[in-house]
1. In nm, to one decimal, how far is the ARG259 label point from the ALA161 one, both placed 7 Å along Cα→Cβ?
2. Go ahead and estimate [θ] at 222 nm for the chain from helices alone: -39,500 (n - 2.57) per DSSP H run with n ≥ 4, summed, over the residue count, rounded to 500.
3. Please turn the phi angles of region 849-858 into ³J(HN,Hα) values with the Karplus equation 6.51 cos²θ - 1.76 cosθ + 1.60 (θ = phi - 60°), one per residue in order, whole Hz, x for glycine and proline.
4. What order do you get for 541-552, 147-158, 749-760, 719-730 when each peptide is scored by the mean count of other beta carbon atoms within 10 Å, highest first?
5. For region 27-55 and region 721-752, what is the separation of their C-alpha centers, rounded to whole Å?
6. Through the Karplus equation 6.51 cos²θ - 1.76 cosθ + 1.60, θ set to phi - 60°, convert the phi angles of region 77-82 into ³J(HN,Hα) values in whole Hz; use x for Gly and Pro.
7. Nearest 5 is fine: what % of DSSP beta bridges in the chain come out antiparallel, could you say?
8. Sort 619-627, 778-786 for me by packing, meaning the mean count of neighbouring Cβ atoms within 10 Å per residue, highest on top.
Amino acid sequence: MLARLCLLGALIAVPAHAGQVPSRALDDEDLTIQAFLQAVETSISTMDRVRWTDLLSPTADKDQALEFFEAMVPQGITRVVVKERDRSALQGTLPGEGFQLVVEVFMETGPRGRMATWRLDIRRPRGENLGRQPWRILAEDRLASIEGLHRLSLHTEKQFAAKNLVLKAVDFELRLPSGDAFVSETPEGVTAIVLLGDGTLVFQPTPKEEKGQLKLFAGVEALETPFTSAFVRLNPFEFDQRVMADMLEPIAVDSRSYRRGLAVFDEGLPKSFNLDLSDLSRDTWSLLPQPGDFVAEVKTRRFDDLTYARSSGEPEDVTMFQRARKRNIAAYASEQKLQSRGRFFDEDDSVDYDVLDYDIDAAFFPEREWMEGKTRMRIRIKSHAIGVLTMRFAESLNVSSVYSDEFGRLLFIRVRNQNNVLVNLPSPVARDFPMTLTITYSGRLARQGILDESMLPEPQQRNSQPDDVPLVAPEAKWLFSNRNYWYPQNQVTDYATAHIRLTVPAEYHVVASGIPEEGSPGPAPSGTIENSSRIVPRLAYSFGTPQPVRYFGIVISKMMRVDAATVALDIVPTKAPLPDMRGTSTLQQQINRINAAAAIPPVGARNTVFLAVDANRRQESRARDAMGTAADILRLYSGLTGDVPYDAITLAMVEDEVPGGHAPGYFAMLNNPPPVQQMNYRNDPASFQGFPEFFMAHELAHQWFGQAVGWKNYHEQWLSEGFAQYFAALYAKEKRGENAFRDVLRQFRRWAIEDSDQGPVYLGYRLGHIKNESRVFRALVYNKGAAVLHMLRRLIGDEAFFRGLKNFYAESRFKKAGTDDLRQAMERASGRDLNRFFERWIYDNGIPRLRYSTSVEGSELVVRFEQLGEVYDVPVTIAVTYTDNKTSEFVVIANEPVNVAQFPLTGTVRSVDVNPDGAAVAILEKK
Ligand SMILES: [Zn+2]
């Protein structure tokens, strides 16, 4: 677990209590306990059983205490640090008479280290004068430990001359024909190598799309580039396999090259497999890479520092990145990984636990951007046995305690720069074990930009506001959602129900994932944390979230409730599908799945939704107008899917200089320009002239796609954004007619063609990532994704498409879906093999080139298509205009190297138009 976490990010774990020493003066109790811990430290550092037994209370179990000491304290200790982490009153003792201490013990035996968490029950024996250290141990226990820490150093007496050295990993090689090499060893063998000299880095990713990304980065599909130095970490048992004996010839150590090697070593070592133990040790302590794991930090001449990593535990085990610029260049599964996991993966398969329910109770102080809270989470263990739970939680929020109903107070470690909290369990727990954790915290919390399930077009010339236009600052708002980990959460998004309670100063208003509860907002009860800092009237908002949500969002701003109504929907009830049993292996899991499904209203059970519109004061009239539009949109979408996933949806109309929005479950936040200012973002994939309702339509669609139906991993994000975009287009057609719809389709096509060379839709967020062009991401994941859905609809016909859509939605509701699930649903609905369709349009990035000709033969129009490259499935519209101005349209499915189609004509043809609607994402050439 630690190894997985610490592999890539130069991660540094810090005991969470470090630096939180109470600021009050040490009292007598502190001093005597410090003296006691000093005595414990001495007994360990001298490995002296007598000193240890001297610390025991007369009533302690001496045999057990000795056994504990033998087991915990190794021979050959060279340094020990004991730090108190927690102190609570010992049950059954008078105040000040007994304590339960939680201590961290770090023991070094030369270059090896182990860290353990002990519980020590101590008590002051009555009537005895024990001097300055009156404490004696009643009982002791080991709560957790991390073994196998190494303080690595570069071997001072070993230097090698490289002789045609080749160091290989998957799709990767470091070649050093001649040069110097240094090593760092553990008793198990060599775990780090430093290479100096004129070498060559070779990286040849196997997958086609990764070749494409590499080309965007380096201009070539297979990288061969000179390097000057490299730092490599590997598993010591694999050294002999990876480095042939004749490639390294021992030579005398040359102090100048050793110093160069040491500089490379010191720079590379802290970047991976590393723990910083803070007040336990200032040294760099490393873990050994697991077999198969490999990291190379390479200084290249052309591309600065490149990091190659093979991390066998990850679903995409081969990565190449540029650390300094935080650019992922490659990330994919090796052949070996593909054989074990198959072509597709679900991020949920690698999580250790499932969050079932939350109770979030927090207070927010906008003027200080400060949050205090307590979150209770019910979880169920998913892995076979686990001793450490990893949670994502904003690094700036200080965790003061983690408590479990099952085990009591738990030890935890913060991982610096990682928004991670590692919670140690006293003993490993098994699969399906239920736990309830309560996490208490406080700290600064910065607001989040809109990124996921959201639109953020790049504004054009943001600073070019004419001088004479008065600037009005947008009303302040704080959005906390999936990006800033404002509540403790799983490693990946995780469907859970919730109860959320948030207090804010009374002038603010809160919109959150959930349905406002009776009496919300109400006065915040006195005596709670929220009233402790200063006397400001505060309100408590509370929300219930009965339907599972992928992540919870809140937006805090000076808003008012503008309108609210129950919207009647037009859902034709369908039969509830059986719960999905994919991935369940045990009967208990199946029962859990069935129970989980039973707690959620079946698809189509609801025929109304509660719609509310809240807004900043200056947006009131805009918000009032939005109500009817939003109701229309919800009616359309519920009809298309046969369902509305949530009982209530709130539209939050807020102000921002950039257009866009964000849509967690149960609400959609929409940015509007403050008065006078205009949003300027014409040339963007998300800008649709003539369709002002676009953002609202897109964000509301996310309740169905993105929220109710999630995505299995980053590759599948187009299911969320593509459907949101396509549903918005369908609303454009309903609201503004066929021409508006076609304008949108033509824009989809234009962006899809313009940016398809940047990679397949399936690359998700990585599209545009290397060059930092988020426009590319929107062009492909949003617009091409939507265009592909429309082509699919035309390929299989409306009836099959909309039936397949309903089935896909019903099967995927409150789950994560993948492209393959959509393919299967559409194949079942249409009875057609759609393999090639998805291969070409989603997993590949080509654009079909079609040469066409049209001719009138008798009373028929003959249309001929020839595909000039790979064959795609492309439906193309043919519009015929007759001399009497009547028109008719036909659709040709181009799906062979050559397709010829005939259509009956009803008059004299004036003109024939091919692809007038832009629905075919293809380059068309007239023969
Ligand atoms: Zn979106």
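1. Once both label points are built, they end up 2.3 nm from each other.
2. Calculated mean residue ellipticity at 222 nm is -6500 deg cm²/dmol.
3. Computed from phi, the couplings for region 849-858 are 10, 10, 9, 10, 9, 10, 8, 9, 10, x Hz.
4. 719-730, 541-552, 749-760, 147-158
5. Using only Cα atoms to place each centre, the spacing works out to 73 Å.
6. Per-residue couplings from phi come out as 5, 10, 7, 9, 10, 10 Hz.
7. Expressed as a percentage, antiparallel bridges in the chain total about 90.
8. Sorting 619-627, 778-786 by mean packing, highest first, produces 778-786, 619-627.
No value in this document is a laboratory result; all are computed from the given coordinates. Because the structure is a prediction, the values reported are computed rather than measured. Here Cβ is always computed from backbone atoms with ideal geometry, including for glycine, and neighbour counts include all displayed protein chains.
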